[in-house]
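**Q** I have a structure here, written as structure tokens, and I will follow up with some questions on it.
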Amino acid sequence: MPHHEVVEIKKQILKEGLTEHTSVETLGCEGKNLGPCSGPNRQRDLCTFCTISLDQEEVFRTKVFDKSLSPFYGEDFYFEIPRPFQCLSFYVFAKGVFQRDLPVGKVSIRKEELCKFSGKEHWFGLQPVDPNSEVQVGVSQTVFRHLYVHPVECQGLPLISGQNCDPYATVSLVGPARFDQKKTKVKKKTSDPQFEETFYFEVTRPNSYTKKSHFQVEEEDIEKLEIKVDLWNNGNLAQDVFLGETRVSVKILRNDHIHRAWYLLQPKGNGKSKTDDLGSLRLNVTYTEDNVLPSACYTPLRTLLLKSPDIKPISASAAHILGDICRERYEAVLPVVRLLLHHSRLVSFVSAIAALELENTQEANTIFRGNSLATRCIDDMMKIVGRSYLTVTLKPVLDEICESNKTCEIDPIKLKEGDNVEVNKENLQGYVQKVFSSITQSSSSCPPLMCDVFRSLRQLASKRFPDDPHVQYSAVSSFVFLRFFAVAVLSPHTFQLRPHHPDLEVSRTLTLISKTIQTLGSWGSLSKNKLVCIHVCLSYQPVNMPTNQFINLPLCMCLSQSTFKLTVPMSSLYLFYYREVQKRAQGRKRIGKNFKKRWLRVTNRELSYHKHRGKEALCIMPVKNIRAVEKLDLSAFNRKNMFQVLHSEKPLYVQAGNCVEASEWVEVLSQVSRCNPDRLGTFHPSAYLAGAWLCCRSLSDSQPGCKPCTPTLLANLQLDIDCDRETERIFSLFTSSYSKLQKMEDACASIAVYQGPPREQDDYSLFTIQDSKETFHTVRQITHILKELQSEHDTRSGTAQYGSQ
């Protein structure tokens, strides 16, 4: 289920010089036989939705699926994980009308098990949801001396109703015949409580129990006793909320020995409970975890990859070799594209591999139609740099299509009773015209990098097929229409043009429009003076339209010029993000109800907040006045997921709904404001309260910031890329395909020795080897670098024992 563009991830330092990055993609969630399997509780008219949670923090939810026990949610989500976590969970809820939503069941996958299911589709049986067994994210640290129990601290406890919790711990000595329990004080409004309390338990053998002030723990007792520490959130007038527990057997202790360790919080009773048949959930989860070394470790591999556009022939370059040995893995191209993009080497590399593909293309009407390295690179490039372009071009018309609910079905077999095919055809033609008008008038908004790539494709196509005057346009239209606009129209939620997967009727309308775009975009070789009679999508009424040369030629010509800049016309308003948040009243002190629920809305022109969605704005801030957008430390207000918008007046402090939304807000606001002329160089990571900045203790509220602002790219791409992480991904891809790399080396050696086709042609036919000596040299360089990097990983990465310090 996750959106395509990645959000900036916060780095978690594991050991000195080692950084962990994680991301998750879930695709096409589907339920089956939801609810109790029999009896009076069977809910035949179940309206359900599914949520995705990191531990107990909800980060996404699907639309409500009406009246079905086997719903197909069909939504895709992609997100970076901006914090440590234990479990990725999927909850199915029954939508309540007059009461709160009721949990049907859940699927929880622990972090260490995600790799086992990654990239594969599975049916998972739903487990019951017990509020008292739902473990919250966090770890506890406990000290034992004999049976003096000293809970020290917890870290990373969750938000409760959007605020930091009021945690306390119960410490119990549990055995076959006893249950002694003690309780700590409640710590107010904190996710990282420091308890620092000591509890004393008297222990003797059960058959001779008398109270003693001094004792030695005997082996018979050690085998039977355990220390149980439960974490709770104090609910004051409401019910206390269970946060998790940890159990430590006393037998690990020895006389006069201190045991000090961190433990992950676990579900109550290890989460074991009797389960009914609650149905199943089909998930396709892709989990990626990268442990990133210091930047200097990647210099040799990064340098070799950045030389790729200059290598002759291009098939002997490191980037092309990676594409060759990872041909079946579509995701292998993305890190190369991002790395070359960051260093302004992508256009020259794409031009070289496109020229190589054109050498093997025999007919003009099949140009760039396959799933080659060139087409995959251009696909990923368009998705990365064309995000704002799609928003400017398609979002207004797609919003209108999705919200107007006009029927466009024209297939007689699929028409509903009472539908008028003529009216539907009119609706469809109107939508198609609006989409095409938006596309054909969008050339001035096309990113310069896309223009440069398309200009290169035009020149290469004309050179390869000089007798075909139209091939230069079909080379561009095959990407612009077939692989970019048509795909975005078909799945607008994937490109963040819509918040959710559209319903079935709207999906059908978008499918018809997308097929029209694909059809028109694929006619690049048609004669200019030929009039074509086409059907609009699946229409059974012919509609005369001019050949697509009149439709897409002007656009292709414009897009292939390099003089345009990425601009958002200020005469139009484009909505980028709209979410409910907690906003702190500006200028208030700590006392009083300072945080209120508001709807925060950002467009290309303004940032505003509203009391209710769609209502009049309570405050409007021009985007041009934003000077910085940064995360806010927990110390400011004891609230997680907060960020600050610094502008010409007092800072705006906002708490997002979850960690993923907080990262998205910072990214979106940074993108729309990063070209502002008065951006700050420093900021305060905490708040100014009680006459001083909490971060640097400066007394002046006008004191310049004490920490440098997050670096921004004042470039047309408006894109931040972590080159070390991308290089680590490339290292992982090379390592996982090492056997194929060895085969390529053998193939080069065979060709060089025998001066002809290799003897094992079947094994080597998958590789593109134009110059065996040059390719062999590059492969040997790659192999050497991989060994060096693997050695660095082995040296720096260590596996911590559970319960160790």
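**Q** Counting other C-beta atoms within 10 Å, and keeping those with at most 12, which DSSP coil GluC sites (Glu not before Pro) do you find in segment 596-644?
**A** Listed in order of number, the matching sites are E616.
**Q** With only alpha-carbon atoms counted, please give the Rg and Dmax of segment 366-409, in Å.
**A** Answer for segment 366-409, Rg first and Dmax second: 15.3, 40 Å.
**Q** A further question follows. Please give the per residue accessible area of segment 575-708, computed with a probe of 1.4 Å over protein heavy atoms only, in Å².
**A** About 48 Å² of surface per residue is accessible.
**Q** So, one more: Rounded to the nearest 0.05, what FRET efficiency do E226 and Q194 give with R0 = 22 Å and r taken as the Cβ-Cβ distance? Could you check? Numbers along the way, then the final one.
**A** On the way: r = 24 Å, r/R0 = 1.11.
Rounded to the nearest 0.05, the efficiency is 0.35.
**Q** Something else about it: Sticking with the crude label model, points 7 Å out along Cα→Cβ, report the distance from S344 to R100 in nm, one decimal please.
**A** Going by the 7 Å Cα→Cβ label model, 5.6 nm.
**Q** State the extension gain, in nm to one decimal, for the chain segment bounded by A749 and E331, taking 0.36 nm per residue of separation less the distance between their alpha-carbons.
**A** 147.6 nm
**Q** Restricting everything to alpha-carbon atoms, can you work out Rg to Rh for segment 433-487 with a Kirkwood hydrodynamic radius?
**A** That ratio equals 1.01.
**Q** Any chance you could list the semi-axes, whole Å, largest first, of the equivalent ellipsoid that the Cα gyration tensor gives for segment 364-544, using √(5λ)?
**A** Rounded to whole Å, the semi-axes are 30, 21, 13.
**Q** Per-residue accessible area for L766 at 1.4 Å probe radius, Å² rounded to 10?
**A** 90
**Q** Continuing with the same structure: Find the relative contact order for segment 575-708 and round it to a whole percent, using C-alpha pairs within less than 8 Å whose residues are 6+ positions apart.
**A** This gives 20 percent for segment 575-708.
**Q** Here is a further query. Quick one: give the max-minus-min coordinate of the C-alpha atoms of segment 575-708 along each principal axis, largest first, in Å.
**A** Principal extents (Cα only, largest first): 40, 36, 25 Å.
**Q** Excluding L490 itself, calculate the net charge of residues whose Cβ lies under 12 Å from the Cβ of L490, where each Lys or Arg counts +1 and each Asp or Glu counts -1.
**A** +4
**Q** Restricting attention to the alpha-carbon atoms of segment 313-364, what are Rg (one decimal) and Dmax (integer), both in Å?
**A** For segment 313-364, the Cα-based Rg and Dmax read 11.6, 34 Å.
The values are calculated or read from the model by the stated rules, or taken from the named source; none is laboratory data. The structure presented is a predicted model; accordingly, all values stated were derived computationally and were not measured. Backbone-built Cβ (ideal geometry, glycine too); neighbour counts: all protein chains shown. SASA here: full protein model, heavy atoms, side chains in, ligands and nucleic acids out. Shrake-Rupley method; radii C 1.70, N 1.55, O 1.52, S 1.80 Å.
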